[in-house]
Amino acid sequence: MEAKALLGGGKARIDKQHEAGKLTARERIAALVDDGSFVELDRFVTHRSADFGMADHKILGDGVVTGHAMIDGRPVCVFAQDFTVFGGSLSGAYAQKICKVMDLATKIGCPVIGLNDSGGARIQEGVESLAGYADIFLKNVMSSGVVPQLSAILGPCAGGAVYSPAITDFILMVDGTSYMFITGPEVIRTVTHEEVTKEQLGGASTHAGKSGVAHFNEPDELACIARLRELLSFLPGNNTLDPPIRPTQDPADRSDAALDSVVPVESNRPYDIKKIITSVVDDGDFVEVHKEFARNIVCGFARFDGRPAGIVANQPNHLAGCLDIDASTKAARFVRFCDCFNIPLVTFVDVPGFLPGTTQEYGGIIKHGAKLLYAFAEATVPKITVITRKAYGGAYDVMASKHIRADVNVAYPGAEIAVMGS
């Protein structure tokens, strides 16, 4: 039975998975966790459906591998959907396996990682499958802000299956092999008569650059798994712990003369805010989140004297660093995540204001901009704000100004704070 369970859907389907440029569920887990640390749960579970001849088609594990393991010596819970078993489709028993491992994660206080590769609901089980999705969604919500939740999309993810990753803290996708959409190209063609490919509709580049659904777009599965490990190195196991400290050889008191010339004297000349960020953080190591989306604001993780911090910064290189709808929602969610998990915030400000125009006003820039204001104001982690050049109008208030409880606010010698530019 052990040997049979390890084969999943069988050698032919495993070979087909490899031909598609994808790893199997067990190969993904092996690449993700520390060697020999994975303890599998519920390996022999099978579905309970007797309709449509399913009673004669039972595979041990039922299409999802679940368990707990270590990453860099720290505990995690993990589930990996197995596309070789019924196309990774979700059944009632499958959903219960995922819910069980999520409960375990919140009980012991460790991150939960989902490796998603599924065709969606198992049609043969009808509402039982849909109920399983809803059970998982509820667990996602109850775990939110309690333990970090990370989702890697490593294949198709359609219909109700996309909502569980959407509730989690970070979504990682793989270019060329992963997709997310509510309805696929065939349904769209039938209902709206639009012609669109899977890649255009819900590929990694689409969600990383246009929709903002994906936080990371990686070139292959191993790069995606490496990114998961890197992300976890900045995060505590749960909301009662401090983020892990990593020893550094980068002196905390070093200075960098280049910082004197990064910001142009002329207030309308662009520059790359990331030059300042990489200069002041440990070893120039900055992990940017949502790199391709709302590029007028920069968010990501770095360390100061070995301690993780969240960075939020206006980017004068794009839209002059204006705040718009996408930038506001991107930064607000990042700030709230850092606040949940005790990660201090450092904010670099060079903002001429909110982006004007009918598109922004009709899209609700007022309510979306307020999300960022709310996030900074409610955050109780340490907050340091550095004004590098401009801080104008309401955008000055919103960008972690001292009036909304930032702890320390400092400014470059040429900084300008005003109601509006001249």
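The values are calculated or read from the model by the stated rules, or taken from the named source; none is laboratory data. The shown structure was predicted, so the numbers you read here are calculated from the model rather than taken from an experiment. As a convention, Cβ positions derive from the backbone with ideal geometry for all residues, glycine included, and neighbour counts pool all protein chains shown. Please note that ligands, DNA and RNA were not included when accessible areas were found on the heavy atoms of the full protein model with its side chains. Shrake-Rupley method; radii C 1.70, N 1.55, O 1.52, S 1.80 Å.
For the reader, a short list of remarks on this structure follows.
- Long-range HN-HN contacts of F293 with modeled amide H, under 5 Å: none
- Taking every alpha-carbon pair under 8 Å whose residues sit at least 6 apart, region 335-407 reaches a relative contact order of 46 percent.
- Taking all protein chains together and a 1.4 Å probe, the residues Y271, Y412 rank Y412, Y271 from largest to smallest accessible area.
- Span from the region 253-293 Cα centroid across to the region 41-115 one, whole angstrom: 43
- Loop-resident sites, region 199-277, for trypsin sites (Lys or Arg not before Pro), counting at most 11 other Cβ within 10 Å (DSSP): R254
- Rounded to 10°, Cα long-axis angle of helix 221-232 versus longest principal axis of the chain: 60
- Computed on protein heavy atoms with a 1.4 Å probe, the accessible areas place E125, E292, E230 in the order E292, E230, E125, largest first.
- Cα gyration tensor, region 266-391 - rounded (a/c under 1.5), prolate or oblate: oblate
- Placing pseudo-labels 7 Å out from each Cα toward the beta carbon at A5 and D256 gives an inter-label distance of 5.0 nm.
- Helix-only CD estimate at 222 nm, as mean residue ellipticity for the chain, using -39500 (n - 2.57) per DSSP H run (n ≥ 4): -9500 deg cm²/dmol
- Listed by chain and number, the lysines whose alpha-carbon sits under 16 Å from that of K383, ignoring those within fewer than 8 places in the same chain, are K402.
- Looking at the chain alone, DSSP beta bridges between its own residues are antiparallel in about 40 percent of cases.
- Protection-proxy order for peptides 181-191, 143-153, each taking the mean of Cβ atoms within 10 Å per residue, highest first: 143-153, 181-191
- In region 1-79, chymotrypsin sites (Phe, Trp or Tyr not before Pro) in a DSSP loop with at most 15 other beta-carbon atoms within 10 Å: F44
- Portion, in percent, of the accessible area of region 73-188 that falls on carbon or sulfur, probe 1.4 Å: 65
- Averaged per residue, region 68-220 has 38 square angstrom of accessible surface, using a 1.4 angstrom probe with ligands and nucleic acids left out.
- Projecting the Cα atoms of S151, S164, V289 onto the charge dipole of the chain (Cβ charges, centred on the Cα centre) puts S164 farthest toward the positive pole.
- Probe 1.4 Å, protein heavy atoms only - accessible area per residue of region 313-402 in square angstrom: 37
- Listed peptides 368-376, 402-410, 320-328 by packing density, highest first (mean Cβ within 10 Å): 320-328, 368-376, 402-410
- Seen against the Cα atoms of the chain and their longest principal axis, helix 127-143 is set at about 30 degrees.
- The angle between the Cα long axis of helix 365-378 and the longest principal axis of the Cα atoms of the chain comes to about 90 degrees, rounded to the nearest 10.
- Taken along its three principal axes, the alpha carbon spread of the chain comes to 76, 53, 35 Å, from the longest extent down to the shortest.
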